[in-house]
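The values are calculated or read from the model by the stated rules, or taken from the named source; none is laboratory data. Keep in mind that this is a model prediction, so the values were computed, not measured. A quick note on method: Cβ atoms are made from the backbone with ideal geometry, for glycine too, and the neighbour counts reach across all protein chains shown. Ligands, DNA and RNA are stripped out before the accessible areas are found, and what is left, the full protein with its side chains, is counted by its heavy atoms. Shrake-Rupley method; radii C 1.70, N 1.55, O 1.52, S 1.80 Å.
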Amino acid sequence: MFEHNILVTGGAGFIGTNFIEYYTKVHPETRLVDLDALTYAANLKSWEMQKMMPNVVPVKGDICNRELIDWLFEAFDIDGVIHFAAESHVDNSIKDPLRFVRTNVDGTAVLLEAAKTYWQATNRFETSRFHHISTDEVYGSLGEEGYFTETTPYAPNSPYSSSKASSDLLVRAYVHTYGMNATISNCSNNYGPWQNAEKLIPTVIRKCLAHEPIPVYGTGLNIRDWLWVEDHCRAVDLIYHKGKAGETYNVGGHNEKTNLEIVGKICEVLDKLVPWTDHKYGELTSFVADRLGHDFRYAIDPTKIICQLAWKPSTTFDEGLRKTVQWYLNSLQ
Ligand SMILES: NC(=O)c1ccc[n+]([C@@H]2O[C@H](COP(=O)([O-])OP(=O)(O)OC[C@H]3O[C@@H](n4cnc5c(N)ncnc54)[C@H](O)[C@@H]3O)[C@@H](O)[C@H]2O)c1
C-alpha cells in the first residue's frame, strides 16, 4: 500500500525521466503514475525501465484526454500532480505553433479542471498539490544586464514560450479563482542524461562523433543559464512539499554561458575522452542562419528558492558536463 499517489505527466521526457529516477529513490512511500503520450521526444528505454519499477505505473496517453485523466484520478486515488508534459522545442514551435497550443495550453487546462473536480469531490481540494513546471523563457529576453525574478513581467517571444506563459496564467487563475493549492517553477536550461537528440548539447556531441559540422545559430553569442537536471529535480521536490500555495519559484544556478562557450566546452571534454587524431573537435564549429526571433539572453535570480526553501545547486557545470558527455558516450555503446 502506498502513502501517496502522484500523477506525473511527461515522465518519459528528458526532465521527467530524471525526476522519476530521483523521486522514487527519495520517496519510496509514493506511487508515481506517469502519463506520457510517448511523442518523438519520449525515451522508450526509460519507459521500459519504469515498467520494472515497483512504485511507478507508466500509462500511455494524452494530457488533453479528459476522460482518461478522470479515470486515472479515480483508479489511483491521485493526491498530487507534477506536470512536466509539454511540447518543448522552440524550433518546432516556430514550424507548428498549434501543436504547442494544444498540448501546453489545452492539456494544462484539462489537468487543472480534472484535479479540481476530483479533489473537490473527495474533500481534499485544499491539501492536494498541483505543481506546474515552467520555463524562464516566459520572461522574454534580457540585454547584457539584469536577472529574471518572480515579479519580472511576462514577455514571451516564441510560440513555445507563449504557450508556456499561457499555461502558467491558467494555473494562476485556478489559484485565485478557486483557491487551488498550486505552485509553479520557472527554470533555466537543463542539461544532463536523457535529453532528446534535437537539443543543443546532444546535437554537438553527435556531430563531433560523426565528424560533421556543428551548427551554431547566428554569432553563437546568445546566452543561456544552465542547470544540472538533478538540481532541478530536487527543486521540484522541495517546492512540491514545502513551497507556499499560489507561489512561483525561479530555479537557476547562476551559470550563464554563450552557445559558443557550450560548444567549446563539449569539444574540450571530447578531445580528452575520445581524441580525434590530428584534429580538435572545435574545428567543426560552423555558423548557420539565426533562429527566427532568437532571444539574446536568459538569466535567473534564484534568491527566493535559496532563501525560502534552502535549495542550492549541487553540481558545477564542468563536472555536470563531463558526466553528461560520458553518459551519451556510454549510451551509444
Ligand atoms: N529542458 C529544459 O531545459 C527545460 C527548462 C525549463 C523548463 N522546462 C519544462 O520542463 C518540462 C519538461 O521538459 P523536457 O525538456 O523534459 O521536455 P521533453 O520534450 O524532453 O519531454 C516532454 C514529454 O512530454 C510528453 N508529451 C508531449 N505531449 C504530450 C501530451 N499531449 N500528453 C502527454 N504527454 C505528452 C512527451 O512524450 C515527452 O515524454 C516542460 O514543461 C518544459 O517546458 C524544460
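Observations on the model:
- Each Cα pair of region 79-226 feeds into the Kirkwood radius, which the Stokes-Einstein equation turns, at 37 °C and 0.692 mPa s, into a diffusion coefficient of 192 µm²/s.
- Taken about its Cα centre, region 65-196 carries a charge dipole of roughly 200 debye when the Cβ of each Lys and Arg holds +1 and the Cβ of each Asp and Glu holds -1.
- Square roots of five times the Cα gyration tensor eigenvalues for region 57-123, Å: 26, 12, 9
- Taking every alpha-carbon pair in the chain and binning the separations at 20 Å intervals from zero gives 31, 59, 10, 0 percent.
- Normalised contact order of region 1-114, rounded percent, pairs of Cα under 8 Å and 6 or more residues apart: 31
- Label-point separation in nm, residue 3 to residue 154, each point 7 Å along Cα→Cβ: 3.5
- For the chain, calculated [θ]222 nm from helices alone, where every DSSP H run of n ≥ 4 adds -39500 (n - 2.57): -13000 deg cm²/dmol
- Against the chain, whose longest principal axis comes from its Cα atoms, helix 14-26 is set at around 60 degrees.
- Kirkwood Rh in Å, taken over region 103-189 so that all alpha-carbon pairs contribute: 13.8
- For region 21-87: rounded, prolate or oblate by the Cα gyration tensor [a/c cutoff 1.5]: oblate
- The alpha carbons of region 200-244 occupy a box of 47, 23, 9 Å along the principal axes, longest dimension given first.
- For the pair region 91-132 / region 1-80, the C-alpha centres are spaced 15 Å from each other.
- Principal-axis tilt of helix 66-76 within the chain, Cα atoms, nearest 10 degrees: 70
- Using only the C-alpha atoms, the convex hull of region 158-247 corresponds to 121 Å³ per residue.
- Backbone N under 17 Å from the residue 245 label point (7 Å along Cα→Cβ), restricted to region 164-204: 171-184
- The apolar share of the surface of region 55-112, taken as the fraction of accessible area on carbon and sulfur atoms (1.4 Å probe, ligands and nucleic acids excluded), comes to 53 percent.
- For region 195-204, Karplus couplings with θ = phi - 60° (6.51, -1.76, 1.60), whole Hz, Gly/Pro x: 6, 4, 3, 6, 7, 3, 5, x, 4, 4
- Kirkwood estimate for region 280-323, i.e. one over the average of 1/r between Cα atoms, Å: 14.7
- In the context of the full set of protein chains, the chain has a per residue accessible area of 44 Å² (1.4 Å probe).
- Relative contact order of the chain: 18 percent, from C-alpha pairs under 8 Å at least 6 residues apart in sequence.
- Rounded percent of accessible protein surface that carbon and sulfur make up, region 1-45, 1.4 Å probe: 60
- Helix axis angle, 159-178 relative to the chain longest principal axis, alpha carbon, degrees: 20
- For region 230-333, the convex hull drawn through the C-alpha positions has a volume of 144 cubic angstrom per residue.
- D by Stokes-Einstein for region 34-145, Kirkwood Rh over Cα pairs, 10 °C, 1.306 mPa s: 101 µm²/s.
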